[in-house]
Amino acid sequence: MNELKHKYTNEIVCPYCGYEFSDSWEFDGDEDLGLIECEECDKSFYATRDIEITYSTQKAKYGTCKVCGAKEVVLENYCSSMGNHDHMCLRCGEKEKQKLRKKYFEELESYKEEKK
């Protein structure tokens, strides 16, 4: 008797009859899906969802900070509804984010006061 391929498949496969559940993604739960009854042979089996984790990376942009002049530092761009700032080192960028956040809340508070 041939061994059925039922481990590490793209869909849930019944280990008894080989029936493939084409809607495997619809099963609720995380990794342990529990006891499942096969629609084809009516036998029950346990199913587990195996999750694969992958990672991606990208190079950080290095250069001279437009604010403090630090050289060969990681640069980031900061954008918000209050303004856009680019080519800032992480330290200056964090300070700018705090300023923009403060300005945003001040304008929001001012707007609320006008509506009263």
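Each value in this text was obtained by applying a stated rule to the coordinates, not by laboratory testing. Source: prediction; values computed, not measured. Here the Cβ is made from the backbone with ideal geometry for all residues, glycine too, and neighbour counts use every protein chain on show.
The amide H of Leu33, built 1.01 Å from its N in the peptide plane, has Ala47, Thr48, Arg49 as neighbours under 5 Å, considering only residues 5 or more places off or on other chains. The structure shown yields Cα extents along the principal axes in Å, and of the options (i) 43, 29, 20; (ii) 59, 43, 27; (iii) 73, 50, 18 that calculated value carries the label (iii).
Panel order for Glu11, Glu3, by other beta carbons found within 10 Å of each beta carbon, from fewest to most: Glu3, Glu11. Sparsely packed loop sites in region 36-116 (the GluC sites (Glu not before Pro) outside DSSP H, G, I, E and B with at most 10 other Cβ atoms within 10 Å) comprise Glu39, Glu52, Glu72.
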